[in-house]
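Reviewing the structure listed below.
The values are calculated or read from the model by the stated rules, or taken from the named source; none is laboratory data. Just so you know, these numbers come straight off a predicted model, no measurement behind them. No Cβ is skipped: glycine too gets one built from the backbone with ideal geometry, and neighbour counts run over all protein chains shown.
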Amino acid sequence: MTEGVLEVCDVVKRYDGVTAVGGLSFEVDRGEVFGLLGPNGAGKTTTIRMVMDILRPDEGAVRVLGQAPGASRERVGYLPEERGLYRDLKVLDVLVYLAELKGIGRTEARRRGETWLARVGLSDWAGRRIKDLSRGMQQKVQLVASLVHGPELVILDEPFQGLDPVNVELVKDIIRELQRDGAAVVLSTHQMNLVEALCDRIVLIDRGRAVLYGALNEIKRSHASRQVRVRARGDLDGLPGVVRVEKRDNTFVLTLGSATPQETLRTLVEREVLVESFEVATVPLDEIFVAVVKGGDRA
């Protein structure tokens, strides 16, 4: 991933003297799924609206596909958190109309719309009105509407909202397909398990500023627990730098004090403990999220 698709550079946005976004910077590369995360009121929606040219920053700059946001509108797909479709229009007609607005010819727009409806299991509903669909069906149509024109950058704000587990998996598969096809996907959601499953890199913003930014695996490693899990046979008592040893089923959980995981493993080997497995316990992203936002941890 070497080509920047989205660049947000020192962006500031104020409302009536209140700073909603304060000096925010991040980049999104082609062919990656990027998580835009933060608590309610952190500035995520304001940031997305600046990327979409709905709002203009007071300071800083946004570049989308190498251009000002408004100049690249036809190459961007956007699923807003506030859903809104033309309820009295037929499903396929809505998709054709929205694709045409993005520069796709009518015949091609119809073909793409039919293909996408088949992909999400809604072919039989193509001629029905939007208002006749269930909430989950409308959600899938709204997703398709953001993708039917083949965008290079896709911004998805809470795309799993209102979906059952089967359709959550469907949307996850679609996001992975977009990534394989070279699109950049910006994913904003409060469902941290889905972020962990999909995202390559993330930015976590709080009070309008980035408090975590980088590769997800590196962030998780830097916040790794001070615990290791060991399956072993031998004496695990009195290990230097280990403050607690707990046995859980066939696994020992060691809480480290001054010792590093590497030093602990070396000690076990020196004691001729038969180690079957040894792993550093990872911290779920939702725990990191809470710790950073509530604990004032800044990175």
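For the stretch 147-169, give me each residue that is in contact with a helix residue (DSSP H, G or I) (Cβ under 8 Å, 6 or more places away or on another chain), more than 27 Å from residue 62 (Cβ to Cβ) and assigned to a helix (DSSP H, G or I).
Result: 167, 168.
Looking at the stretch 267-283, which of its residues are within 19 Å of residue 224 (Cα to Cα) and exposed (fewer than 13 other Cβ atoms within 10 Å of the Cβ)?
277, 279
Look at residue 119 and say whether it is farther than 25 Å from residue 200 by Cβ, outside the structural domain of residue 47 (by TED's automatic domain parsing) and of a type outside the set (A, V, I, L, M, F, W, C).
Judged against the criteria, residue 119 is not a match.
Condition first: under 20 Å from residue 222 (Cβ atoms), among the hydroxyl-bearing types (Ser, Thr, Tyr) and surrounded by 13 or more Cβ atoms within 10 Å (Cβ to Cβ). Now tell me which residues in the stretch 242-266 satisfy that.
255, 260, 264
Yes/no matrix, rows are residues, columns are (1) more than 20 Å from the chain's Cα centre (by Cα); (2) in the same structural domain as residue 194 (by TED's automatic domain parsing); (3) touching a residue at least 60 places away in the same chain (Cβ under 8 Å):
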site: 8; (1), (2), (3): no, yes, no
site: 16; (1), (2), (3): yes, yes, no
site: 36; (1), (2), (3): no, yes, yes
site: 44; (1), (2), (3): no, yes, yes
site: 53; (1), (2), (3): yes, yes, no
site: 62; (1), (2), (3): no, yes, no
site: 74; (1), (2), (3): yes, yes, yes
site: 79; (1), (2), (3): no, yes, yes
site: 113; (1), (2), (3): yes, no, no
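Tally up the residues in the stretch 216-241 that are under 28 Å from residue 204 (Cα atoms), surrounded by 13 or more Cβ atoms within 10 Å (Cβ to Cβ) and among the charged types (D, E, K, R), please.
So the answer is 2.
What are the residues in the stretch 35-48 that are more than 17 Å from residue 147 (Cβ to Cβ) and crowded, with 18+ Cβ neighbours inside 10 Å, if any?
35, 36, 37, 38, 42, 43, 44, 45, 46, 47
Look through 291, 232, 259 and report the one residue that is outside the structural domain of residue 212 (by TED's automatic domain parsing), touching a Pro at 6+ places or on another chain (Cβ under 8 Å) and not hydroxyl-bearing (Ser, Thr, Tyr).
Going through 291, 232, 259 in turn, just one is outside the structural domain of residue 212 (by TED's automatic domain parsing), touching a Pro at 6+ places or on another chain (Cβ under 8 Å) and not hydroxyl-bearing (Ser, Thr, Tyr): 259.
Quick one: would you say residue 71 is farther than 24 Å from residue 176 by Cα, in contact with a Cys (Cβ under 9 Å, 6 or more places away or on another chain) and surrounded by fewer than 20 Cβ atoms within 10 Å (Cβ to Cβ)?
For residue 71, the condition - farther than 24 Å from residue 176 by Cα, in contact with a Cys (Cβ under 9 Å, 6 or more places away or on another chain) and surrounded by fewer than 20 Cβ atoms within 10 Å (Cβ to Cβ) - is not met.
Restricting attention to strands (runs of 3 or more DSSP E) lying wholly within the stretch 170-283, give those where 1 or more residues are touching a Gly at 6+ places or on another chain (Cβ under 8 Å).
184-188, 201-206, 209-215, 242-248, 251-256, 274-280
Is it true that some residue in the stretch 82-94 is within 24 Å of the chain's Cα centre (by Cα) and under 23 Å from residue 197 (Cα atoms)?
Within the stretch 82-94, none of the residues are within 24 Å of the chain's Cα centre (by Cα) and under 23 Å from residue 197 (Cα atoms).
Do the conditions hold for residue 30, that is, is it without any contact (Cβ under 8 Å) to a residue 60 or more places away in the chain and among the charged types (D, E, K, R)?
Spelling it out, it is not the case that residue 30 is without any contact (Cβ under 8 Å) to a residue 60 or more places away in the chain and among the charged types (D, E, K, R).
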